[in-house]
Structure formats: C-alpha cells, structure tokens
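Peer 1: Before anything else, here's the structure in question.
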Amino acid sequence: MWSTLISMLIEPLQSEFIRNAIGVSMMIGVLCPVVGTYLIVQRMALMGDVMAHCVLPGLSIAAFFGVDRSIGAFVSSMLGSFFVSWVRSQSRVKVDSAMALTFSTFFAIGVTLITLLKNKLDLDRFLFGDILTVTLNDIYATAAIAMLVLGAIYLFYKELLYYTFDATGAEAVGLPIKWLHLGMMMGITLTIITSMQVVGVLLVIALLIGPALTAYLVTQELHHMMFLGSGIGMVSSLVGIYLSYYLNLPSGPAIVLVSSSLFLLMFLFTTRSTFFKRTKSHY
Amino acid sequence: MLEVQKVSVNYGSGQGLDPVSFKILPGEMVGVMGPNGAGKSTMMKALLGLVPVSGGQVRYCTCPLHQQLEKVAYVPQRSQIDWDYPATVQTVVSLAATRQLGWFRRSSVATNVAIQQAMERVNIWDLRDRRIGNLSGGQQQRVFLARALAQNAEILLFDEPFTGVDATTEDILFRVFSELRNEGKILIISSHEWGTHLAEGLTSLDRLLLLNRELIASGTPREVMTRENLRLAYGRVWTHAFHGDGKDDDLFC
C-alpha cells in the first residue's frame, strides 16, 4: 500500500512541467498568505480582487507598445489602488462602493483596450491562469519577487504591525504611514502579478485570503497567522496539483478548492469547539 | 511648556474647530470636556498634526510639536481599534518600542524591561499572553495605558479613556495619571464623562478646557464648571447629583 502511495507521489514528478508547476505554486503558496494576512487584518480582503482586476488595462497597453507586461500590470494596478484611496478621501463614498466602481471600470477599460488595440492577449489565461506552462524563467522571477516581498515584510514587520493595528497611533509616534501604505500596496501588487500567471486573476484572491483566513481562526499573533497560512498555502498548492494531475482537473481551481476545503474544516472544527464550550457552560 | 496658539481645523460644512489657544506647564493634568461631537478628538489630533489644521501652531519647548513626536504618547479611543486583530497583550504593549528601536531592530533588553514594568504598573502582566479580543473593555484600556507608559513620553494624550471601563480600571487610571503628573509629565485627557465619580475626577485636574467647536472656557475646574459655561457647551441646563440644590452658579459649592 505504501509503495503504491509513494509511486503515485513520485510519478508526476518525472514530468518537467509538473516539477515547475509544483515549484512555482509552492512559492506562491507561501507568498500569497503572508501578504493576504495584511489584507485580512485591515479588512481589505476585496482590495486584492480590485487590484487583480485593475492589471488588465496595463497588460493591454504594455502588449501594444511591446513593453514588459509585468510593468504595465504593476502601474495599472497601483493606479487602481490610488483611485480607490482618492475617491474615498475626497468624498462620502464608502470604500466598498469605491472598490466596486474601480474594479469594474478598470476591467471594462481593459477589455475595451484589448479590442481596440487588437492585442493578442489570451483572456482565458489571464482569468484562469495556466500553471502547467510555467517555465524555469518564471520560477526564477517568482523566487526573486517572493524574496523581495517577504524580505521587506521581515525588515519592516514591527512598523507594519503598528500601522495595520492602529494607524492613528502609528502616525502619532511619527511613523511614515503613507510610505508604509504605499509599500504595502506595492507588495500586494507584485504578489498578484506573480500569482496571476499561475492561478489566474479570478483565483488570486482565493489564495491571498483562503489560507490566511484559515490560520486566522486559530492563531493569536500576526506572525503565527503568516506562518500557519503559508503552511496551509503550500499544502493546498501541492495537493491541488496532484488532484489536477490524477483527476484531470484545471490546476488553479483545484488549488483554490483544496484551500477553501481546509478553511471549511477549520471553521467547523473551531465553531464546534466553541459550541461545546457554550453548551457545557449552560449546565 | 506646551503652547497651543490659535489652532483651528476646518472640515468644511461648518464642521471643525474654531481657533483654540492655551498653555500647559510640565506636571499639569488638563481635562478636555464637552459633548459628543464637540471636537475633543479633533483638537487632540490637530495638536499632533494628525488632521490638517487650517491655522495656528503647537510648540513644545519652543519647537513645533509635530517635529518631536517621539516625546508624545497618544492613546486613541478604544472604539477606533479592531480588537479582533491577531495580537496578544504583550505584542500591543511592545509597539511602544517601535520608534525608540528605530528601523530594522526587533527588541532590546532596555525596551523589554520598560514594557514589563509598564504592564505590571497597570496590573496586566498576568494577561500578557492573552489575545486582545478576549479582554474586557477596562483591560483593553489598560493595555493602551501600558503602551503609553512604556513609551516614556513627556506629553501624554488620552482620548476618552473612561468610556466603558470598570471601576478597577478607573481607579488605576486615576492613580497612574496622578503619578505621571508627579513625575512632571504633561497630561491631556478628553472625556464626555469623568468616570463614575465625576466630582473626584474633575477635582484631580489642574485645569479644564470646556469645548464645543470652540473653546468655551479654560481654567481650574471650579472656574470652568459654572452653570452658564455648561449651558453654552451642552446647550441645556446641567443637572448632576453633586451640584447640591441646583441653585448655585458655582457647581463646586
């Protein structure tokens, strides 16, 4: 039985594209939950979704001018996040409405530009990703961005903790909260662009939020949430790819479904414990 | 000395704060009183440059205060914080060391000692590993008090510290405020209620600022708490248990 299991685990690794897929998805499995932790504690979970949709106009323009698409995507996504902040600060419009307006507008601009500029962008790939076409260069690029973002979070951990917990208090002690906010938005954007090609725009948000939210249910500290979230992210990626290989499922959704199932399990486990505690306290 | 000269805030549509001026000496405990929406929090934030001011300046020891924020500890209203944030009591109090440590440094022996002492001073050392969301309102307020103490600031601003706290916390707040005053710190405490013992709370103040979108009165609590001033601030006749028969203009008589 064990030998069958081991051979089932080893068999997919013989293909290079599966090895590449596992490598890149494990890195994203670590990176997304760490960055997603900040989105969750700031109640900005949907901001990731907004920024992911906002990359489309940039992708289209970059493709038209023959510039690196990642640069276009980065600029466009940052513009989207600035637009949300600007609308929020200049009017009575609440953040959820500002986000809904921004992402639908940017997405519409993107789709229009693709038609007008006659881009050869594969919209399906943009939306759903294609982890099985990942090259070695993609792995190096993902590793570089993951190291950059995770390194910055490590270096500025205590400042980011202060800012995300108590922004007014952080400003009152003289921390440059505007720069911290900008840095955080850049980190989120870089993470989204990197993850996009693996799981696609529509599913990036699930990897940003799912594993970190599962960890949130059972952890006491922000860094514990990051570590446990990363572990769950890696397990989700690995199990998702194996399921995709053996059950012939699309890989992106498979990863996300594993992550969501883990959340559901943890949710039921924690609510069940709380329920029993409450029931006991009644007697 | 903390000098506030004609500081005003304009949010538009009539909201904001008309020019406010006052001076506070080291070792003075100053209360800021006024109804909800009177601009107490706005004034505190304006002093620190946390909201855009439309005029005036704030100086501490002749230099602008916003250039020496490391000397200030600001405790925001409890309601402004998401208490479901994944952090323990000790982590929140440790934030006090963020500015002292500077960039890239995690902790030092000196800051760890200061953090422990601050937590012991407000009786929360035993709660250090507890998640902040599992604390009572009073305990949460003490966490913020400890954070302010660990900063070892010269000027301390407390925004509505008495709101929703228990009697134990109230006693600790009054005790610590009194100790800080004796240490020569400047304390500014805003409140629309002065604890369950209003008279005791007010009499412990050196000075009281009565606010309602403008500075209505400033002076000792006895000078400020006149029926006319309170009517101007609250727009109604002030009635409270310790006012005696309600006929005197001076509410402390």
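Quick note: the coordinates plus some simple rules give every number you see, no bench work behind them. Computed from a predicted model, the values in this text were never measured in an experiment. Neighbour counts run over all protein chains shown; Cβ positions are idealised from the backbone, glycine included.
Peer 1: Measuring from centroid to centroid over Cα atoms, what is the spacing of the stretch A:167-204 and the stretch A:147-161 in Å?
Peer 2: One Cα centre to the other: 11 Å.
Peer 1: Could you please report the charge total around B:Ala96, scoring K, R as +1 and D, E as -1 over all other residues with beta-carbon less than 12 angstrom from its beta-carbon?
Peer 2: +1
Peer 1: Still on this model: Using helices alone, I'd like the mean residue ellipticity at 222 nm for chain B: each DSSP H run of four-plus residues gives -39500 (n - 2.57), total over residue count, nearest 500.
Peer 2: -9000 deg cm²/dmol, from helical runs alone.
Peer 1: If all Cα-Cα distances of chain B are sorted into 5 Å bins from 0 onward, what percent lands in each bin, rounded to whole numbers?
Peer 2: 1, 6, 13, 17, 18, 17, 13, 9, 4, 1, 1, 0, 0
Peer 1: For a footprinting-style exposure proxy, rank A:Trp86, B:Trp103, A:Trp2, B:Trp83 by other Cβ within 10 Å, fewest first.
Peer 2: Exposure proxy ranking, most exposed first: A:Trp2, B:Trp103, A:Trp86, B:Trp83.
Peer 1: Put one equal scatterer on each alpha carbon of the stretch B:67-180, apply the Debye formula with no solvent term, and list log10 I(q)/I(0) at q = 0.18 1/Å to two decimals.
Peer 2: -0.89
Peer 1: Here's something else I'd like to know. Among A:Phe128, B:Phe162, what is the fewest-to-most ranking by other Cβ atoms within 10 Å?
Peer 2: So the residues, fewest neighbours to most, are A:Phe128, B:Phe162.
Peer 1: Taking H as built 1.01 Å from N, whose amide H comes closer than 5 Å to the amide H of B:Val51, not counting residues under 5 places away?
Peer 2: HN-HN under 5 Å from B:Val51: B:Ala46.
Peer 1: What residue among B:Gly219, B:Gly27, B:Gly102 has the largest mean-square fluctuation in a Gaussian network model of chain B, using Cα springs under 10 Å?
Peer 2: Residue with maximal mean-square fluctuation among B:Gly219, B:Gly27, B:Gly102: B:Gly102.
Peer 1: Can you give the translational diffusion coefficient of the protein assembly as shown in µm²/s, computed by Stokes-Einstein from the Kirkwood radius over Cα pairs at 10 °C and 1.306 mPa s?
Peer 2: 61 µm²/s
Peer 1: Mind ranking B:65-76, A:241-252, A:21-32 by how tightly packed they are, going by the mean number of other C-beta atoms within 10 angstrom, highest first?
Peer 2: Sorting B:65-76, A:241-252, A:21-32 by mean packing, highest first, produces A:21-32, B:65-76, A:241-252.
Peer 1: Same structure, new question: So, with +1 on the Cβ of K and R and -1 on the Cβ of D and E, and no other charges, what is the size of the charge dipole of the stretch B:2-243 about its Cα centre, to the nearest 20 debye?
Peer 2: That gives the stretch B:2-243 a dipole magnitude of about 420 debye.
Peer 1: If neighbour count is taken as other Cβ atoms inside 10 Å, put A:Ile139, B:Ile216 in order from fewest to most.
Peer 2: Ascending number of Cβ neighbours within 10 Å: A:Ile139, B:Ile216.
Peer 1: Counting helices only, and only those DSSP H runs with n ≥ 4, report the 222 nm mean residue ellipticity of chain A as the sum of -39,500 (n - 2.57) divided by its residues, in deg cm²/dmol to the nearest 500.
Peer 2: Rounded to the nearest 500, it is -28000 deg cm²/dmol.
Peer 1: What residue among B:Gly39, B:Ile188, A:Ala152 has its Cα farthest toward the positive end of the dipole of the protein assembly as shown, where the charges are +1 on Lys, Arg and -1 on Asp, Glu, each on the Cβ?
Peer 2: My answer, from the dipole projection, is A:Ala152.
Peer 1: Tell me, what are the semi-axes, in whole angstrom and largest first, of the equivalent ellipsoid of the stretch A:12-273 as set by the roots of 5 times the Cα gyration tensor eigenvalues?
Peer 2: Three semi-axes, in Å: 27, 25, 17.
Peer 1: Under the Karplus relation 6.51 cos²θ - 1.76 cosθ + 1.60, θ = phi - 60°, what is the ordered set of whole-Hz ³J(HN,Hα) values for the stretch B:138-151, x standing for Gly and Pro?
Peer 2: x, 5, 4, 5, 5, 4, 5, 5, 4, 4, 5, 5, 5, 6
Peer 1: For A:Gly129, what residues show an amide H to amide H distance below 5 Å, using hydrogens built from the backbone and excluding near sequence neighbours?
Peer 2: A:Gly200, A:Val201
Peer 1: Let me ask something else about it. Can you list residues whose amide H is under 5 Å from B:Leu211's amide H, if they're 5+ apart or on another chain and H is modeled 1.01 Å from N?
Peer 2: Under 5 Å from the amide H of B:Leu211: B:Met33, B:Gly34, B:Ile216.
Peer 1: Build a GNM of chain A with springs between Cα atoms under 10 Å: which of A:Ser260, A:Ser237, A:Ser104 gets the top mean-square fluctuation?
Peer 2: A:Ser104
Peer 1: Just for the protein assembly as shown, what percent of DSSP beta bridges are antiparallel, to the closest 5?
Peer 2: Counting only bridges with both partners in the protein assembly as shown, antiparallel ones make up about 55 percent.
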